[in-house]
Every structure is written in C-alpha cells, then in structure tokens.
Amino acid sequence: MNRRAGRPQGGPRGSTEQANALAEFLLALTAGSTVRELAARYHVGKTLWGEYRAGLKIIPLELLNRLVRDHTPDEDTRRARLATAAQLHAAATAAQRPAPTPAAVTEAAGDPPVAVAGDPPVAVAGDPPVAVAGGPPVAVGAGRRWSRPLLLAAGGTALTLLAALVLVLTWGPPRADAVFAVGPAGVGVFSWDGTDAAGWTRIGDEAERLHLGPAGVFATRSDDRLYRYEGEPGRWSLVSEPGRDFAISGEHVFRLAADGGSVAVWDGEGTSWTTIGGPATRLYGGDPGLFATEPGTDFIYRYTGDPFTWQRIGTAGASFALTGDDLYGLTPDRTRVNHWQPDDRTEPWPTWAYAAGEAAELWGGRAGLFSTDPSRSRLRVLADAGNGVADQTWRDIGPAGAEVAVGRQAVYVLSGNRSRILRWSGGAWQDIGGPAQTLAAG
C-alpha cells in the first residue's frame, strides 16, 4: 500500500471554537497535501502550515482565498467557498481579539489596479509610465467598523459552522467588488464594505498608490517601496524595494526596476524577487496575462510564463487596457481602439481588429472597457451598437472625473475635485464616499 509522506495532522487545537472551525475548513480544503507540499507551493514555512491547520494561528485571508481558488475548479462552487472562507475567517479573527469601539470612518478613495510586465527590451504602448509609489500604511489607528451583526455568531460550535458549509457551498453569492481608497494627501488607507458612504474601514495609515488583484492588496509610498496588506487593519509587510512600476496578474506580482532595466516577479515571501525580463517602459497586468512595452519602439509584448521569453504582439499605442478576457489598444493618434486577436496568426504576430472609435484614455476590468472622450470630460463604456449587427460603440455614462477604476461588477470614478467617489453599474450612479486621493477596484 502506498502511503504519503508526512505526519498525520490531527484535530484542531485552537483557543476558540471559531479558530477550530476555520482550521477544519482548511483541513478539508487541503486534504491529501502534506505541510511540506504546501510549503513548497505557497512559500509559507512548514511550521506555519501546521499551526494554521491546527487552529493555533489564523491563516491570512489572502492565502486562504488562494487555496480556495486552487482547490476548487468549478466557478460557482468557488464563489460559494470564498464566501464561506470569508465568514469563517471573520469569526475566527473577531473571537481572538476584543471588539473595537464603533467609530465613524472618514470616506476615502483608492487607486486602480496596476499591471504587470517583464522581458528583454519590452515597450509600452504610447502611454507614459505609471507613477509607482512606495510603501503602505504602517500601524493603523482606526479599528474595524461593526455596523452590522456578524453572520457567524461568536458562540457557534465548529461542528455547527461546518454543517452550514453544505448550504453555503450551494447557495453562495457571487463575489462582489473589492474597493480601496487612499485619503487626501495620502493619509489613511480605507476598504469599502459595498454598502454606502458610511461603509469605509481604515486599514492603513498612509500610501501613495494602491495595486489590487487576486494576489492581494498592495500599496506604495513616496519611497516607491511596495507593501502587502495582511488582512487585518494596520498589518502590512514589506515585499519590495523601490520600483518604477508594479503590476498584478493572477496570483503573481511583477515589478519594473527603478531604472527600468529589468522586470521581476515576486517569489511570494519576504522581499525575494526573480528576474524574468529585460528593459521595459510600462507594465500592464490583468486576467489575460502580463504585458509590457519596449523602450525606443513602444511595441507591446506578452509574457509567456517562462523567464526571458516574451512574444511581440503589436506595435506602439497611446494606451492599453485589459478586461476580463481581452486586451485593447488605443492607436498613437488616439483615433481608434483595436482589439487583440490572439488566435489569428495570419501576420508575423497576432492581429488586431477594430473595436471602437477615438478616445483619450482607456480603462478595463471584469466590468468591461471604459474610455474618456477626446476632450477627457466624459466617461464612456464600450457597448453593443444595438443595430442588429456584430458591432460596438462608445456609450456616454457621465463625467470623467479625476480617476477611474474598473471592478468586477462596476466602474468607480473619483470626481474632478477628488471630493466624491461614485459607482456606476448598469446605468445607475451611487455616491459611495469621499474625499480621496486615489482609488482601486477589482
């Protein structure tokens, strides 16, 4: 009989029933994997894995979410498990520390997700390099906002919580947008709970820019160093020295060196990075992958996943944007937007097809492709033309504002004077807070 190496895990031994319930969920999720295998795959020590699965320590929410995604191939089940994981994690975290005193949180706003890149001479499409800021907030003063009752009662038993998983895994809600913001003058980092203008929780003290994606929430300061949010207000860890640009694609974080001379990927632990490409101008990251532009030519390249292996996919552009499935590019003269056709190899490199007319700037995400009109005063969404043919057109949806961030379900706009954060979804606008310096959604 074949036996897997490693000691038997044993049952949870946490200090609270909620910690044990989370550990039971984690044990079930990683059944069949040894701590050695988990350590090798996720760059977390074997001792920590043992403590997480025993309930002795609370696993970071970002790592827990990554485990759910990796061990749940079905999309509907994955959404449900992510919801369950969030509930169990919130209950375990709340049970191990005193509940904070409810306090009003000043509304703030964040910054859009950043992209990824790397490759020997890679070029950026016509857009100026993104200003990357340094590290995030250090100790946070404000606590979490408890304006609603917790979904999981503090007195529930581990068995009761686990039994509830059967229902949650079947009926879990779709994943909502994650929205973060930085307060005026870079003071305060805030997370929005998806309700209204009062639904902001302070999670950090200061930041310049925010980067958001499946890999987690990251922030930079004026020193250009990158920090990762550890899932609890005030807890941030340094992950990178200064960089010119940072980007996220899937579970990976990429960095363009401060001198623009190389692209690297974060190893997932500490401040260790591995170089994967040469010089680049700017990085673009998202669901379709990691892209970068080449200094001198501004040609755009796609990272294949193998270090120093990049595919040239197009010439220069004034701006590029990634949606849930596609890459779009704005021509250098800004008169048309083209859609990358990765499966069409009739040319030396994959071709591009016409998608829409003139624009000043592009933004993309799961919620779709958005642009400003040539005057930069109006925001538009790429929509069906409604003429019965396979065609699309820009549809005006409102003022452009100072910044735009595209989430999974909606687009978020920071007003021109940065006093308000507005959310648009399917034709309706909602005022969700403000003022803010910058915002991010995903």
**Request:** Select from segment 425-442 the residues that are under 25 Å from PRO214 (Cα atoms) and either polar (S, T, N, Q) or open to solvent by 20 Å² or more (accessible area, probe 1.4 Å) (or both) and list them in ascending order.
**Result:** SER425, GLY426, GLN437, THR438, GLY442
**Message:** Can you find a residue that is basic (Lys, Arg) and surrounded by 21 or more Cβ atoms within 10 Å (Cβ to Cβ) anywhere in segment 332-343?
**Reply:** no
**Prompt:** Of the residues ASP287, ASP223, ASP298, ASP245, which is out of contact with any strand residue (DSSP E or B) (no Cβ under 8 Å at 6 or more places or on another chain) and either within 19 Å of LEU210 (Cβ to Cβ) or open to solvent by less than 20 Å² (accessible area, probe 1.4 Å) (or both)?
**Reply:** ASP223
**Fill in**
Across (1) assigned to a loop (DSSP other than H, G, I, E, B); (2) touching a residue at least 12 places away in the same chain (Cβ under 8 Å); (3) open to solvent by 20 Å² or more (accessible area, probe 1.4 Å), ARG312 clears everything bar (1)
**Complete:** Of the listed residues (LEU88, LEU82, LEU48, LEU61), the one being at pLDDT below 85, out of contact with any Asp or Glu (no Cβ under 8 Å at 6 or more places or on another chain), within 19 Å of ASP193 (Cβ to Cβ) and of a type in the set (A, V, I, L, M, F, W, C) is LEU61
**Message:** Just to verify a result, which residue in segment 180-220, among those that are outside any strand (DSSP E or B) and closer than 25 Å to GLY268 by Cβ, is most open to solvent (accessible area, probe 1.4 Å)?
**Reply:** GLU208
**Asked** Regarding VAL239, is this residue farther than 20 Å from PHE291 by Cβ, open to solvent by less than 10 Å² (accessible area, probe 1.4 Å) and either out of contact with any Gly (no Cβ under 7 Å at 6 or more places or on another chain) or at pLDDT 95 or above (or both)?
**Response** yes
**Asked** Which condition does PRO348 not pass, out of (1) open to solvent by 40 Å² or more (accessible area, probe 1.4 Å); (2) out of contact with any Leu (no Cβ under 7 Å at 6 or more places or on another chain); (3) at pLDDT 95 or above; (4) not acidic (Asp, Glu), if it passes all the others?
**Response** (3)
**Request:** Determine which member of the set THR323, THR293 is at pLDDT 95 or above, surrounded by fewer than 23 Cβ atoms within 10 Å (Cβ to Cβ) and within 25 Å of the chain's Cα centre (by Cα).
**Result:** THR323
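Among the residues that make up segment 3-22, is at least one of them within 23 Å of the chain's Cα centre (by Cα), farther than 23 Å from GLY268 by Cβ, modelled with pLDDT of 80 or more and surrounded by 13 or more Cβ atoms within 10 Å (Cβ to Cβ)?
no
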**Qualifying positions in segment 251-284 - within 14 Å of PHE218 (Cβ to Cβ) and either in a loop (DSSP other than H, G, I, E, B) or out of contact with any strand residue (DSSP E or B) (no Cβ under 8 Å at 6 or more places or on another chain) (or both)** = GLU251, GLY268, THR271
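The values are calculated or read from the model by the stated rules, or taken from the named source; none is laboratory data. Nothing here was measured: the structure is a model prediction, and the numbers come from that model. Please note: Cβ atoms are built from the backbone with ideal geometry, for glycine as well, and neighbour counts cover all protein chains shown. Side chains are part of the model used for accessible areas, which takes the heavy atoms of the whole protein and leaves out ligands, DNA and RNA. Shrake-Rupley method; radii C 1.70, N 1.55, O 1.52, S 1.80 Å.
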